[in-house]
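See structure below.
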Amino acid sequence: MGGIEFLKGHGTQNDFVLLPDAAGRLDLTAERVAALCDRQRGLGADGVLRVVRAKAIGEESAGEWFMDYRNADGSIAEMCGNGTRVFARYLVDAGLAECGEFVIGTRAGDRPVVVHPDRSVTVQMGPAAITGTSVTVVAGQPFSGVAVNVGNPHLVSVTDTDIAGLDLRDQPDFDHDFFPAGVNLEFVNVLGEGALAMRVHERGVGETRACGTGTVAAVAASLHLAGKDTGESTVDIPGGRVSVTVGRGESTLTGPAEIVARGELDEAWWLAAGA
Ligand SMILES: N[C@H](CCC[C@H](N)C(=O)O)C(=O)O
């Protein structure tokens, strides 16, 4: 098998292990993903991005490369906004794509991206659809959330309660009938016109320092509550700041993306982790 190449990267401190695997040969089991993401016994990350040619895994995409995203618990999610930024940055740095605009395939569909000269990335995130209003979630106290589909499910609670004081160490209680496949839970303070602050408890991960699809959901929800369906906002998350625009049936996410390291996984570790 030889050494298994990996890279580590992050977008506003939502961090990922990247596995270049053009032909889709790696046996990427849920157990291996969980081991890779474990911050003590593995590399540590919020998720894994396998870099695979779309046609190698039978995925239809206008782009050559497909982002096979996995959550830290090994579960598969439809889309990862911050992961897409890091994925795009990797493709350009690896000479597999040109700086500028290209398309990345995802389980939520194709996502056009622009890698800017400063290596920040804009992702076309598709529609952010409001699928419910005043859905209750309990995080120490009850909140009323707006359900938003960004390819993956979100419940956004816009509140006057200072989100810095919330305890998100455990999974907040949510309506499993409304969200049978689980849900990403965002808590938002409005800082002013076009400026939000957000924390997030992610499905399949736990609290993360950023969540790209979550920031798009947060802007869509706050616009909806203001009686609007288009607009833009910065979103301050613990890991930094992103810019989001929401239009009719479309949205964009812009933010930094950084590759931190590259290396080889120990083969014996990889084999044992898959058991
Ligand atoms: N945990 C999410 C996927 C990762 C989303 C987040 N990391 C992002 O940047 O969008 C889910 O299960 O839907």
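The values are calculated or read from the model by the stated rules, or taken from the named source; none is laboratory data. Remember, predicted model here, so these are calculated numbers, not experimental data. Cβ placement follows ideal geometry from the backbone for every residue including glycine, while neighbour counts extend to all protein chains displayed. When the accessible area is computed, the model is the full protein with side chains, heavy atoms only, and any ligands, DNA or RNA have been set aside. Shrake-Rupley method; radii C 1.70, N 1.55, O 1.52, S 1.80 Å.
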For the chain, what is the calculated [θ] at 222 nm in deg cm²/dmol (nearest 500), taking -39500 (n - 2.57) for each run of four or more DSSP H residues and dividing by its residue count? -4500 deg cm²/dmol
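Estimate the FRET efficiency between V260 and A56 by the formula 1/(1 + (r/R0)^6), using the beta-carbon distance for r and 30 Å for R0, to the nearest 0.05. Let's see the in-between values first.
Details: r = 26 Å, r/R0 = 0.88.
That pair, V260 with A56, gives E of 0.70.
Within the accessible area of the chain, what % is carbon and sulfur when the probe is 1.4 Å and the other protein chains stay in place? Working shown, then result.
On the way: 5500 of 11540 Å².
For the chain, the apolar C and S fraction of the accessible surface comes to 48 percent.
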Using only Cα atoms, tell me the angle between helix 81-93 and the longest principal axis of the chain; keep it within 0 to 90° and round to the nearest 10. 40 degrees
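Per residue, how big is the convex hull around the C-alpha atoms of region 129-254? Give it to me in cubic angstrom, could you?
Details: hull volume 11.7 nm³, N = 126.
Cα-based convex hull of region 129-254, divided per residue, equals 93 Å³.
Rank these residues by their accessible area, most exposed first, probe 1.4 Å: S251, S134. Display every interim value, and only then the final one.
Working: S251 0, S134 85 Å².
Accessible-area ranking of S251, S134, largest first: S134, S251.
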Can you give the accessible area of T131, probe radius 1.4 Å, in Å² rounded to 10? 80 Å²
May I ask you to compute the full-extension gain from W269 to R241, defined as 0.36 nm times their residue separation minus their alpha-carbon distance, rounded to one decimal in nm? 6.5 nm
For the chain, the per residue accessible area (1.4 Å probe, Å²) is 42 Å²
Using the alpha-carbon atoms, what tilt in degrees (0 to 90, nearest 10) does helix 212-225 show relative to the longest principal axis of the chain? 20 degrees
Whenever you get a sec, line up C99, C211 from highest to lowest accessible area (probe 1.4 Å, protein heavy atoms). C99, C211
Please report the spacing between the Cα centers of region 1-42 and region 92-131 in Å, no decimals. 20 Å
Along the charge dipole of region 129-254, which of T254, F143, A197 sits closest to the positive end, that is, farthest toward it, with unit charges on the beta carbon of Lys, Arg, Asp and Glu (+1, +1, -1, -1)? T254
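If you take every DSSP beta bridge fully contained in the chain, what fraction is antiparallel? Give it as a percent rounded to 5. Intermediate results must be reported in sequence, preceding the final value.
Numbers: 69 of 84 bridges.
Given both bridge residues lie in the chain, the antiparallel proportion sits at roughly 80 percent.
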Largest fluctuation, A221, A56, A35 only, Gaussian network model of the chain with Cα springs under 10 angstrom, belongs to A56
Given a 10 angstrom Cα cut-off, can you work out which residue in T106, T208, T29 is the most mobile in a GNM of the chain? T29
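Relative contact order for region 129-254: what percent, with Cα pairs under 8 Å and sequence separation of 6 or more? Present the calculation step by step, with values, prior to reporting the outcome.
Numbers: 280 pairs, mean separation 25.2, N = 126.
Relative contact order here is 20 percent.
Could you compute the net charge surrounding E258? Neighbours are other residues with a C-beta less than 12 Å from the C-beta of E258; K and R count +1, D and E count -1. Walk me through the numbers before you get to the answer.
On the way: positive: K8, R85, R89, R119; negative: D15, D93, D118.
Spelling it out: positives minus negatives among the neighbours equals +1.
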Mean separation of Cα contacts under 8 Å, 6 or more apart, over the residue count of the chain: relative contact order %: 21 percent
I'd like the accessible area for E264: 1.4 Å probe, protein heavy atoms, all chains in place, Å² to the nearest 10. 130 Å²
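I need the per residue convex hull volume for the chain, using only the alpha carbons, in cubic angstrom as a whole number. Intermediate results must be reported in sequence, preceding the final value.
On the way: hull volume 33.9 nm³, N = 275.
Normalising the Cα hull of the chain by residue number yields 123 Å³.
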